[in-house]
Each structure stands twice: as structure tokens, then as C-alpha cells.
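Asks: Here it is, the structure in full.
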Amino acid sequence: MATQADTRPALRFVSPTGSRELALLAAILVAGAYFTLASPYFLSVNNLVQTMRAGLELGIVSAGMTLVIIMGGIDVSVGGILAVSAIVIGKAYQAGLPVYIVSPLGLMAGTALGAVNGFVTTKLKVPPIIATLGSMYIFSAVMFLVIGGSWIAGLPATLSPLVNGWVGFVPAAAIVLFFVYGLMWIILRKLAFGNHIYAIGCDEQAARLVGINVDRTKIATYAMLGFLAGLAALLYVARMRNVEINIGTTIALEAIAATILGGTNIRGGVGSLLGTLLGVVFIRIMQNGLVLTGVSSLWETVIIGSLLIVVLTVDAVRNRNNPRAI
């Protein structure tokens, strides 16, 4: 009879060697040095703080995306979840509801939509890429039906200090970001739930055999990503005080890119929150630096896309030469 100890062979493969993180850190330093020489504004405190604030939503969503991809899933609809959650928040503000009601509404909307994705992939047996691609179109349609071609503008600045404020000499946005990553690290590394995520990503059938409730874990993980998308929506509204019609259109692909660049294996079972955070930093530095140096943002897409192809190719070769045996 299988016991909990049977999961240990699967868990041998959950920790990256750290080489990806070191390579990404080196790339960040090289890019930072180049943009510092190319633009006198890049290294200014104001530019760095504004870049970090602009990357807050991506950082939060990427943390949840890391858990989903480690589990062997993917969610390309997370931008739509963020958009719908932001609309719920914006409409609730316009209805005159107080912030202590508005905030939970946005988080609940994101969590519910994420749970729906989890339900479709587990109970209806729809492949994650297909299920969330369909959800993406549905959520986008809902967004346009609700707000049409106009913005939700002039929203209160009640929560603005969470993003735009300071705690002493530290930007509040940095504290929020590190709190989220600290919480996700505890969940992933210190709780049984995190071990279950890794075990499912390594071998779903083996995880079932040792008694892990795979379906419940999957739904909960997608719901967690939805919750973080709702949190990102709340912070976006706090930062911008409006809801744009194109909100969240690129965040899913950027979050997937940051996660994979950071060392999370697209096949599941291996992942690093530190690597994901470095991936977010790299993407935002590239975007900001190219803008400051007057280079078309299309080159940022070319660079990130090329790096993804290289990383996925290296991972494919590594997996072929060292297949995971459970």
C-alpha cells in the first residue's frame, strides 16, 4: 500500500539549482548598466520607484502563475480576471460603497473566476490551455459589455497610499510585493499544500496514488491565482484611479514569461518564486530602459520572446538528457 513517504522521490526534482536565478541576476545587472550609460534618468530614484510601482500588478500575478505552472497547469485568462475584478471594484466605488466592502468584492470576484477555471480543468477534464483560453474570451467580452468603449474614471484615492505611499524611506509598493512573495513562499515551501502542488506537477497519477486530493488542490491553486489577480486589480485601481478598456491585455503572457525565465519548468514540478521575482524585474527593466532610450517597445517583445525560446529549448534538452523518474 502506498504511503505519504512514497512522494519523496517525486520531490527530489522540485528545487532548481539556482543557476537560472544567477543567470537572470547577471542579465539584470548587465541591462541595468547599459541603460544607466544610455540614459541619465534610468538610475534616478524617481524612475526606479515608478518602475517598481508599475510592475506591482505583474509581480503579484506572476507569483500566483508560478504556483499554477509548478502544478503543471497554465492560465492565459488571468488578464481577463484582473479586468473583471477591476470593473467590479470600479462599479462598486461608483455605487457609493465604502472601501471595506469594495475591497473584498474585488478579491472575491477574482477568486471565484479562478476557481471556475480550476473546476473546468479538473471536473470537466478540459486541458488548461483550452479552458483558460476560452475563459479569456468570455472575460474580455464581459468587460466590453459592461463598460463598452469608455473608461471608469475619477475613482476615490482611498487605497492609493498602498501603492503610491511611503513607509519611512521604503515605498509602500515594495512592502506589499514582498509580503505577497513571502506568503506564497510559506505556502509553497512550508505547508503540505505546497508539497502537493509540487507532487502533482511531478507526476499527477503518483500524487493520486499516495492520497493527495488532486482535483481539490488544482481548484484551490487556480482560485489562489484568481485571488492574486483580484488583489492586483485592487492595487491597479488604487494606483491609477480608473479602469481602462485595455486593462490586463498583456499581463498573462508577461507573467508566464517572467515565471519561465525565472526557472519554473513549463512541464511542472520545478519552480522558484525568487526566480519569478527576478523575471519580473528583468521584464520591467527592459520595458523601462527601452522607453528611456527611445527604442520601440516592439524590441522588448522580440528580446523576451527570443529568451523564452532559448530557455525552453535548454529545458527541453535537459529534460531529454535527464528524464524525471518517479
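Asks: Determine, yes or no, whether Leu43 is under 21 Å from Glu300 (Cβ atoms), at pLDDT 90 or above and surrounded by 19 or more Cβ atoms within 10 Å (Cβ to Cβ). Full working, then the answer.
Replies: Details: under 21 Å from Glu300 (Cβ atoms): yes; at pLDDT 90 or above: yes; surrounded by 19 or more Cβ atoms within 10 Å (Cβ to Cβ): no.
When the stated conditions are applied, Leu43 does not pass them.
Asks: Shifting gears a bit: Condition first: in contact with a helix residue (DSSP H, G or I) (Cβ under 8 Å, 6 or more places away or on another chain) and either buried (at least 21 other Cβ atoms within 10 Å of the Cβ) or in a loop (DSSP other than H, G, I, E, B) (or both). Now tell me which residues in the range 117-133 satisfy that.
Replies: If the condition is that a residue be in contact with a helix residue (DSSP H, G or I) (Cβ under 8 Å, 6 or more places away or on another chain) and either buried (at least 21 other Cβ atoms within 10 Å of the Cβ) or in a loop (DSSP other than H, G, I, E, B) (or both), then Asn117, Gly118, Thr121, Lys123, Leu124, Val126, Pro127, Pro128, Ala131, Thr132 are the ones that fit.
Asks: Okay, next question. Which is of a type outside the set (Phe, Trp, Tyr), closer than 25 Å to Ile200 by Cα, modelled with pLDDT of 85 or more and outside any loop (DSSP other than H, G, I, E, B), of Gly263, Gly269, Gly279, Gly289?
Replies: That would be Gly279, the only listed residue that is of a type outside the set (Phe, Trp, Tyr), closer than 25 Å to Ile200 by Cα, modelled with pLDDT of 85 or more and outside any loop (DSSP other than H, G, I, E, B).
Asks: How do the pairs read when you match residues in the range 194-219 that are touching a residue at least 40 places away in the same chain (Cβ under 8 Å) with residues anywhere that are part of a helix (DSSP H, G or I) and among the aromatic types (Phe, Trp, Tyr), using Cβ under 8 Å and keeping only pairs 6 or more apart or on different chains?
Replies: Pairs found: Thr217/Phe193; Ile219/Phe119.
Asks: Right, something else. Can you say whether Ala54 is exposed (fewer than 15 other Cβ atoms within 10 Å of the Cβ) and either within 17 Å of Val280 (Cα to Cα) or at pLDDT 95 or above (or both), as far as the supplied structure shows?
Replies: no
Asks: Which condition number does Ile69 fail, the rest of (1) surrounded by fewer than 24 Cβ atoms within 10 Å (Cβ to Cβ); (2) over 13 Å from Ala229 (Cα atoms); (3) under 16 Å from the mean Cα position of the chain (by Cα) being met?
Replies: (1)
Asks: Let me ask another. Which ones in the range 170-179 are surrounded by 12 or more Cβ atoms within 10 Å (Cβ to Cβ) and part of a strand (DSSP E or B)?
Replies: Applying the first criterion (surrounded by 12 or more Cβ atoms within 10 Å (Cβ to Cβ)) to the range 170-179 yields 171-178.
Pro171 - this is the single residue of the range 170-179 that is surrounded by 12 or more Cβ atoms within 10 Å (Cβ to Cβ) and part of a strand (DSSP E or B).
Asks: Just a yes or no: is a residue in the range 118-137 basic (Lys, Arg) and without any contact (Cβ under 8 Å) to a residue 24 or more places away in the chain?
Replies: Checked the range 118-137: at least one residue is basic (Lys, Arg) and without any contact (Cβ under 8 Å) to a residue 24 or more places away in the chain.
Asks: Quick one: in the range 134-169, of everything that is closer than 16 Å to Thr249 by Cβ and part of a loop (DSSP other than H, G, I, E, B), which residue is modelled with the highest pLDDT?
Replies: Ranking the qualifying residues of the range 134-169, first place goes to Trp151.
The values are calculated or read from the model by the stated rules, or taken from the named source; none is laboratory data. A quick note: this is a predicted structure, and the numbers were derived from the prediction, not measured. Here Cβ is always computed from backbone atoms with ideal geometry, including for glycine, and neighbour counts include all displayed protein chains.
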